[in-house]
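Have a look at the structure below, then the notes.
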Amino acid sequence: MLPAAEALECLREGNRRFAANKPAQRVDVEARRRQLTGGQEPFAIILGCSDSRVPAEIVFDQGLGNLFVIRVAGNIVRPSQIGSIEFGALEFGTRLVIVLGHSHCGAVGTAVKELQEPADGFSDNIGVIVDFIRPSLEPLLEQAPGGDPAAVIEQAVRANVLASAEELRRGSSIIREMERDDGLLIVGAEYSFETGLVDFFDGAP
C-alpha cells in the first residue's frame, strides 16, 4: 500500500511530464496486461468528470493498473460513486482520493446558466446532475449576481470540487473513519486545458 503523500507525488510528477510533453517510457503493454490478470493495486482513486479531454491516465501519465477511475459529468457524488470509492479503498488499500474538476466544465457551466436563466430544456436525468451541482453555486451567484459568466464558472468549478469532496465524507462513515484513522487523504484538484497542469488546491500536504 503506497502512502497517500507518496501517491500524490507520483501524480504530480506524472502530470508535470504530461504538461511538458515528456511522457515516461512505457513498459511492455502486453506483458503488463498479462500481469494484471491476477489482480490490481491502484495507488490512487480519481473521481473525475466525464469530459473527453480529461482522461486521468493520460493527464497523470500513468499506465495500466495504476489508477482506479470513476468518471461522471460534473464529478458529482451519488451513492454509486461513494460505493466505488469505498470499494477501491477497502479492496485495494488505496489511500489517495482525488476529486478532479477542470476548467471550462460544461456541466458546471450548464448549472450556472440554469441558475441565472432558468429553462425547461433538460431531460430529467440531466436535471439531476444540475441539481447536484446547484447548491455549491448558489452562494457564488448571490455574492455576484449578474457577474461575468466565465469568471463565475471558474469559481464554480472549484466550489463544486469542494462540495463533492465534502459529500464523500458526509455520505460515508467508512470514508470518514479511514480519513481520520487510516491514512486516507482526499484532495481537491483542477485540471487546466490551457496549461495541461493540475492544481491540487485543497487538502494536499
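Brief remarks on what is shown
- Residue that is nearest to P3 (Cα to Cα) [pool: residues in segment 75-97 that are buried (at least 16 other Cβ atoms within 10 Å of the Cβ) and out of contact with any strand residue (DSSP E or B) (no Cβ under 6 Å at 6 or more places or on another chain)]: R95
- Conditions (1) aliphatic (A, V, I, L, M); (2) in contact with a His (Cβ under 7 Å, 6 or more places away or on another chain); (3) surrounded by fewer than 16 Cβ atoms within 10 Å (Cβ to Cβ); number of the one not met by V54: (3)
- Of the residues making up segment 1-43, those that are of a type outside the set (D, E, K, R) and in a loop (DSSP other than H, G, I, E, B) number 13.
- Residues that are without any contact (Cβ under 8 Å) to a residue 12 or more places away in the chain and either touching a Lys or Arg at 6+ places or on another chain (Cβ under 8 Å) or not aliphatic (A, V, I, L, M) (or both), drawn from segment 14-24: N21, K22
- Highlighted here are the helices (runs of 4 or more DSSP H) found entirely within segment 117-205 that include at least 2 residues which are modelled with pLDDT under 95, buried (at least 20 other Cβ atoms within 10 Å of the Cβ) and within 18 Å of the chain's Cα centre (by Cα): 124-143, 149-170.
- Cβ-Cβ under 9 Å pairs, at least 6 apart or on other chains, segment 72-84 side without any contact (Cβ under 8 Å) to a residue 60 or more places away in the chain, far side among the aromatic types (F, W, Y) and in a helix (DSSP H, G or I): R78/F132
The values are calculated or read from the model by the stated rules, or taken from the named source; none is laboratory data. Predicted model, so just to flag it, every value in this text is computed and none were measured. Cβ atoms come from the backbone with ideal geometry, glycine included; neighbour counts cover every protein chain shown.
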